[in-house]
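Take a look at the structure set out below.
The values are calculated or read from the model by the stated rules, or taken from the named source; none is laboratory data. Quick caveat, the model's predicted, so the values are computed rather than measured. Cβ sites come from the backbone with ideal geometry, for glycine too, and all protein chains shown count toward neighbours.
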Amino acid sequence: MNARTATLVDVRETDEWEEGHLLAATLVPLSEIGEKTNDSAWIADLKRRVPTDRPVYTHCKSGGRCVMAADPLRELGYDVRPMKEGYVELLDSGFERED
């Protein structure tokens with residue numbers, strides 16, 4: 001995945017992120033997506049951090065939460081593509097970890 005053509009979004013929660021995350025990822029916890037999709041300030045901040053002009057690949061620990069995040073993000077104008085691979089599988093496939 002080329003950073004100029006797609007964005008990687010981690011929808012795990014902050015405590016999981018702080019234990020380690022993919023170097024290329026941006027954190028957008030599923031709990032925030034569920035709570036704040038009607039908050040215009042949150043949406044504006046999200047659109048600054050995660051551009052709407054490229055595909056967004058979401059990932060989580062095992063694949064469930066990234067699917068749940070897809071529809072609300074699509075409603076905000078994102079081309080969302082949930083990844084089947086979970087966090088550990090992505091590390092095993094060669095994504096770099098940042099602590």
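Any residue that is on the phi < 0 side of the Ramachandran plot, among the acidic types (Asp, Glu), in contact with a Ser or Thr (Cβ under 9 Å, 6 or more places away or on another chain) and free of Cβ contacts under 8 Å to residues at least 60 places away in the same chain - is there at least one of those in the range 68-84? Reasoning before the result, please.
Residues of the range 68-84 that are on the phi < 0 side of the Ramachandran plot, as a first pass: 68-76, 78-84.
Now drop any that are not among the acidic types (Asp, Glu), which leaves 71, 75, 79.
Still in the list and also in contact with a Ser or Thr (Cβ under 9 Å, 6 or more places away or on another chain): 75, 79.
So of that shortlist, the ones also free of Cβ contacts under 8 Å to residues at least 60 places away in the same chain come out as 75, 79.
Yes: the range 68-84 contains one or more residues that are on the phi < 0 side of the Ramachandran plot, among the acidic types (Asp, Glu), in contact with a Ser or Thr (Cβ under 9 Å, 6 or more places away or on another chain) and free of Cβ contacts under 8 Å to residues at least 60 places away in the same chain.
Would you mind stating whether Gly63 is at positive phi and at pLDDT 95 or above? So that I can check it myself, show each step before the final result.
Numbers: at positive phi: yes; at pLDDT 95 or above: no.
Criteria not met by Gly63.
Identify the residue in the range 20-59 that is touching a residue at least 24 places away in the same chain (Cβ under 8 Å) and out of contact with any strand residue (DSSP E or B) (no Cβ under 7 Å at 6 or more places or on another chain) and, among all such residues, is nearest to Lys84 (Cα to Cα). Break it down into steps so the answer makes sense when it comes.
Kept after step one, since they are touching a residue at least 24 places away in the same chain (Cβ under 8 Å), are these residues of the range 20-59: 20-26, 28, 30, 33-34, 37, 43, 46-47, 50-52, 54-59.
Among the residues that remain, those that are also out of contact with any strand residue (DSSP E or B) (no Cβ under 7 Å at 6 or more places or on another chain) are: 30, 33-34, 37, 43, 46-47, 52.
Working: Leu30: 16, Ile33: 19, Gly34: 21, Thr37: 24, Ile43: 26, Leu46: 23, Lys47: 24, Thr52: 22 Å.
My answer is Leu30.
Going by the conditions given, is Gly94 small (Gly, Ala, Ser) and either surrounded by 13 or more Cβ atoms within 10 Å (Cβ to Cβ) or touching a residue at least 60 places away in the same chain (Cβ under 8 Å) (or both)?
no
Give the number of residues within the range 27-46 that are surrounded by fewer than 16 Cβ atoms within 10 Å (Cβ to Cβ), within 17 Å of Ala70 (Cβ to Cβ) and modelled with pLDDT of 95 or more.
Residues that pass the stated criteria total 2.
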